Amino acid sequence: MGAVLLLSVGTVWGLAFAPADYQQGNSFRIMYIHVPTAIVAQSSYMMMGVAGLILLVWRMKLADVVAAAIVPLGFSMTLIALFTGAIWGKPTWGTWWIWDARTTSMLVLLFLFIGVGALRDAISSVETAGRACAVLAVVGMINIPIIKYSVDWWLTLHQSSSISLTSAPTMPSSMWVPLLLNILGMYCFFGAVLTSAVRTGILIREQNTVWVAEVVAGEVDNDVF
Amino acid sequence: MFFDSFGAFLAMGGHAFYVWLAFGLTLLLILGNIWRVRALRRTFFRQYMSKQVRSREDMKELHL
């Protein structure tokens, strides 16, 4: 619910009410989905890496369910960020794609999500698959600071951050408030979908237990699903 | 409202194609994800009810 509210207010505000950019015109409005999805994509990978670490260190089964549930969601977020980036790049940079540090490192993030997902599908033992994916996810975390600092370390066509937690925004509030709403909304959407996927994931893993049989019986009685 | 008319809003100052393509694709992927987790849940319940999925091999087919 929170996700729907935040995303609709932020999107309508960003699309219809925020002033146009003085250099880019109205194409800058793509920012209202490009930035939130890119942020959530990176956060979701970090979350998967931390879940992997928890699985490897403490052998917590729940961490593996969470890590597995993040893969398609993080993949979608990265894909949206790349798609919208390409669509934004065409009128702004004059090209759909350029192999600069930011775009390339985001593409690597996409491949990491694909790789972790494929690795899980390729190994038949749930325990082994979980551990292999955890190792890959943890090693792949090196890519996150590379994405973040790519615009500072290398000369890139991609602009550097226009908002940050620690300094005053460089745009008027009528521009950044809807962006903030959409960032929060995208996190809520991610949280809601992830929670639902994890709940089902737990039922799948524990399906041979008595409590799952009880849960399923209860849900069928209430006709919830 | 930043735009003078609804027509101007749709036109996005000449950037209509890019802006609406970006927002449309995003909406599609967001709705797709919601559908996916719901389908996952439905599939699990259906298969659990039919008692066919009781082995670990079949569990893998659910593609979490």
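None of the figures in this text is laboratory data; all of them are computed from the coordinates on show. Since the structure is predicted, the reported quantities are computational estimates derived from the model, not experimental observations. We place every Cβ from the backbone using ideal geometry, glycine too, and count neighbours over all the protein chains shown.
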| message | Net charge within 13 Å of A:L62 by Cβ-Cβ distance, Lys/Arg positive one each and Asp/Glu negative one each, not counting A:L62 itself? | response | +2
| Can you give the average number of partner chain beta-carbon atoms within 10 Å of each beta-carbon in peptide A:75-87, as a whole number? | 4
| remark: Cα-only Rg/Rh for segment A:134-225 with Kirkwood Rh rounds to 1.19
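Does segment A:27-78 classify as rounded, prolate or oblate by the C-alpha gyration tensor (a ≥ b ≥ c root eigenvalues; a/c under 1.5 gives rounded; else a/b over b/c gives prolate, otherwise oblate)? Mind showing how you got there, number by number?
Working: a/c = 5.50, a/b = 3.15, b/c = 1.75.
The shape class here is prolate.
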| query | Among B:R46, A:R29, A:R131, which comes first, then next, by fewest other beta-carbon atoms within 10 Å? | reply | B:R46, A:R131, A:R29
| request: Can you tell me the FRET efficiency between A:A213 and B:A39 if r is taken as the Cβ-Cβ distance and R0 is 25 Å, rounded to the nearest 0.05? | output: 0.70
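Just counting partner chain Cβ atoms within 10 Å, what average do the residues of peptide B:28-41 show around their Cβ?
6
Please report the equivalent ellipsoid semi-axes of segment A:10-150, computed as sqrt(5 x eigenvalue) of the Cα gyration tensor, largest first, in whole Å.
On the way: eigenvalues 227, 45, 28 Å².
Ellipsoid half-lengths, sorted descending, are 34, 15, 12 Å.
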| Expressed as a fraction of 2.2 N^0.38 Å, the rule-of-thumb size for a compact globular protein of N residues, what is the C-alpha radius of gyration of segment A:113-172? | 1.70
| query | Say each of A:L155 and A:D221 gets a label point 7 Å from the Cα, pointing the same way as Cα to Cβ; how far apart are those two points in nm? | reply | 7.1 nm
| query | Taking other Cβ within 10 Å of each residue's Cβ, how do A:L110, A:L179 sort, fewest first? | reply | A:L110, A:L179
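Based on the alpha-carbon set only, what is the convex hull volume of the protein assembly as shown divided per residue, in Å³? Intermediate results must be reported in sequence, preceding the final value.
Values: hull volume 42.4 nm³, N = 289.
Each residue corresponds to 147 Å³ of Cα convex hull volume.
Kirkwood Rh, Cα Rg: Rg to Rh for segment A:82-203?
Values: Rg = 18.0 Å, Rh = 17.4 Å.
Over the Cα atoms of segment A:82-203, Rg/Rh equals 1.03.
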| field | Most mobile of A:F190, A:F111, A:F75 in a GNM of chain A (Cα contacts under 10 Å) | value | A:F111
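Order these by the 10 Å Cβ neighbour count, fewest first: A:C133, A:C188. Could the numbers behind the result be given before it?
Values: A:C133 25, A:C188 18.
If I rank by nearby Cβ atoms, fewest first, I get A:C188, A:C133.
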